[in-house]
Amino acid sequence: MQIRPLYDRVIVKRIEQQRTTASGIVIPDSAAEKPEQGEVIAVGNGRLLQDGTQRALQLKVGDRVIFGKYAGQAVKVDGEELLVMREEDVMGVLDADHGAERKAA
């Protein structure tokens with residue numbers, strides 16, 4: 001099943017973080033906090049402005065984003081938990097290339 005968000009909404013799949021500590025202690029799912037990072041898997045057509053035009057979204061499919069702990073609405077599609085949120089709920093896009101350039105410098 002496909003899900004297509006409307007207007008300025010995006011669909012985000014949480015990126016699971018490591019579930020063990022540096023010393024090897026495994027953290028159970030019930031004690032672990034939900035990750036605040038995810039990957040955009042679908043985007044809407046854009047924000048509808050008051051004059052009737054649409055402003056294209058800045059996010060695109062495949063972007064790795066950070067968002068607030070309680071951002072978005074959780075939905076299950078084909079047994080997979082996804083988040084539906086507005087573009088404005090996303091705090092930033094993680095740029096993997098920038099980190100590689102920084103380490104090389």
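The values are calculated or read from the model by the stated rules, or taken from the named source; none is laboratory data. Keep in mind it's a predicted model, so treat the numbers as computed, not measured. Positions of Cβ are generated from backbone atoms using ideal geometry, with glycine treated the same way; all protein chains shown enter the neighbour counts. These area figures cover heavy atoms from the full protein model, side chains too; ligands, DNA and RNA do not enter into them. Shrake-Rupley method; radii C 1.70, N 1.55, O 1.52, S 1.80 Å.
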Problem set entry | Single residue of the range 58-77 satisfying the filter (of a type in the set (D, E, K, R) and over 23 Å from N45 (Cβ atoms)) that is least open to solvent (accessible area, probe 1.4 Å) | K69
Exercise. What residue, among those in the range 1-28 that are within 16 Å of E80 (Cα to Cα) and open to solvent by 50 Å² or more (accessible area, probe 1.4 Å), is modelled with the highest pLDDT?
Worked result: K13
Exercise. On the given criteria, is A42 hydrophobic (A, V, I, L, M, F, W, C), assigned to a strand (DSSP E or B) and either modelled with pLDDT of 90 or more or open to solvent by 70 Å² or more (accessible area, probe 1.4 Å) (or both)?
Worked result: yes
